[in-house]
1. For the stretch 58-76, does any single residue satisfy the condition of being closer than 29 Å to I202 by Cα and open to solvent by 20 Å² or more (accessible area, probe 1.4 Å)?
2. So, of the residues in the stretch 38-48 that are open to solvent by 60 Å² or more (accessible area, probe 1.4 Å) and not in a helix (DSSP H, G or I), which turns out to be nearest to the ligand (Cβ to nearest atom)?
3. Can you tell me which residue within the stretch 227-260, out of those that are open to solvent by 50 Å² or more (accessible area, probe 1.4 Å) and among the aliphatic types (A, V, I, L, M), is farthest from T34 (Cα to Cα)?
4. Hey, among the residues in the stretch 192-213 that are part of a helix (DSSP H, G or I) and open to solvent by 20 Å² or more (accessible area, probe 1.4 Å), which one's nearest to the ligand (Cβ to nearest atom)?
5. Of everything in the stretch 170-187, what is at pLDDT 95 or above and part of a loop (DSSP other than H, G, I, E, B)? Give them in sequence order.
6. Looking at the structure I just gave you, is V162 among the aliphatic types (A, V, I, L, M) and surrounded by fewer than 19 Cβ atoms within 10 Å (Cβ to Cβ)?
7. Identify all residues within the stretch 154-169 that are outside any helix (DSSP H, G or I) and in contact with a Cys (Cβ under 9 Å, 6 or more places away or on another chain); write none if there are none.
8. Residues K86, K82: which one is more than 14 Å from the ligand (Cβ to nearest atom), part of a helix (DSSP H, G or I) and open to solvent by 10 Å² or more (accessible area, probe 1.4 Å)?
Amino acid sequence: MKIGVFDSGVGGLTVLRELVKLVPQADYLYFGDTARLPYGSKSVETIQKYAVSATKYLEQQGAEMLVIACNTATALALDAIKASTKLAVAGVIEPGAEAAAAATKKKNVLVIGTEATIGSHAYRTALEKRGVRAAEKACPLFVPLIEEGWAEHDITQRVAHVYLDEFFQDPDRSPDLMVLGCTHYPLIKPMLRAVAPWRVEIVDSAEATAAVVAKQLSSPGHSQLATRSSQLRFFATDSVEKFRRLGERFMGRAIANVEHVDIEA
Ligand code: DGL
């Protein structure tokens with residue numbers, strides 16, 4: 001099985017990292033649309049156009065299933081992607097919402113993500129369907145701060161306090177769980193752990209998505225070869241060198257086999 005993983009850039013490598021752990025029997029084609037990122041501040045029309053062209057490319061390269069690792073693309077373009085392909089497509093929002101709904105005791109959660117993800121209310125809709133109330137907060141400064149390498153910097157922690165403190169002031173009414181609704185946020189999970197009160201659980205949509213894909217592929221018909229290690233191939237629409245350098249931080253290991261793609265051509 002060859003799984004195509006799509007993201008606006010390097011952030012989706014946090015999803016690929018989890019997939020490789022939980023689904024080692026698959027090989028992966030990862031597409032990072034680095035020339036056109038960020039998606040988080042763009043319009044729905046633009047995101048749909050970009051996402052459909054990128055996932056078509058993955059299909060042409062032999063992907064047999066698609067994972068939309070980008071929260072913004074899942075929130076705004078999942079239906080458009082599904083309509084453009086016959087392949088099975090998994091996004092990150094339903095798995096993230098499902099994991100959050102299963103874990104929250106107060107049925108009251110906070111979702112953080114890019115402006116576009118939060119503006120779409122895709123997480124809120126998915127959570128409300130499961131009987132969970134969701135507050136939502138766009139945190140647009142986190143992506144550039146993380147890409148700058150400042151995941152552990154004081155400034156990032158101060159920014160987090162500015163974004164999040166208001167949600168946790170009243171212990172009775174505040175959420176008992178926070179959903180990381182953006183590919184980049186797993187890198188600041190330890191810092192967010194320190195910013196949110198200890199009673200607040202953190203759910204990472206990257207982990208939740210990998211668990212759902214693992215479950216789908218462990219059904220009869222899909223072979224499990226536990227000792228095998230996945231073959232990885234990467235495509236980037238901007239500098240291969242930059243993808244490799246930045247990507248290693250998200251993937252947690254060295255990255256080889258990066259090819260440049262001119263998607264407009
Ligand atoms: N991958 C995006 C997401 O998960 C974050 C980066 C971007 O805005 O392109 O929402």
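1. Taking the stretch 58-76 and keeping what is closer than 29 Å to I202 by Cα, we get 65-76.
Filter again for open to solvent by 20 Å² or more (accessible area, probe 1.4 Å), leaving 75-76.
Scanning the stretch 58-76 turns up at least one residue that is closer than 29 Å to I202 by Cα and open to solvent by 20 Å² or more (accessible area, probe 1.4 Å).
2. P38
3. A254
4. From the stretch 192-213, those part of a helix (DSSP H, G or I) are 192-195, 205-213; that's our starting set.
Filter again for open to solvent by 20 Å² or more (accessible area, probe 1.4 Å), leaving 193-194, 207, 211-212.
On the way: R193: 20, A194: 22, E207: 14, A211: 18, V212: 17 Å.
Restricting to residues being part of a helix (DSSP H, G or I) and open to solvent by 20 Å² or more (accessible area, probe 1.4 Å), the top hit is E207.
5. Initially, the stretch 170-187 is screened for residues at pLDDT 95 or above, giving 174-187.
Answer for the stretch 170-187, where residues must be at pLDDT 95 or above and part of a loop (DSSP other than H, G, I, E, B): S174, P175, D176, C182, T183, H184.
6. Values: among the aliphatic types (A, V, I, L, M): yes; surrounded by fewer than 19 Cβ atoms within 10 Å (Cβ to Cβ): yes.
Here the answer is yes, as V162 does meet what is asked.
7. Here is the first cut: in the stretch 154-169, the ones outside any helix (DSSP H, G or I) are 169.
Those that are outside any helix (DSSP H, G or I) and in contact with a Cys (Cβ under 9 Å, 6 or more places away or on another chain): none in the stretch 154-169.
8. Values: K86 fails: part of a helix (DSSP H, G or I).
Just one listed residue meets the conditions, K82.
The values are calculated or read from the model by the stated rules, or taken from the named source; none is laboratory data. All values derive from a computational prediction rather than experimental measurement. As a convention, Cβ positions derive from the backbone with ideal geometry for all residues, glycine included, and neighbour counts pool all protein chains shown. Just the protein is used for accessible areas: all its heavy atoms, side chains included, with ligands, DNA and RNA removed. Shrake-Rupley method; radii C 1.70, N 1.55, O 1.52, S 1.80 Å.
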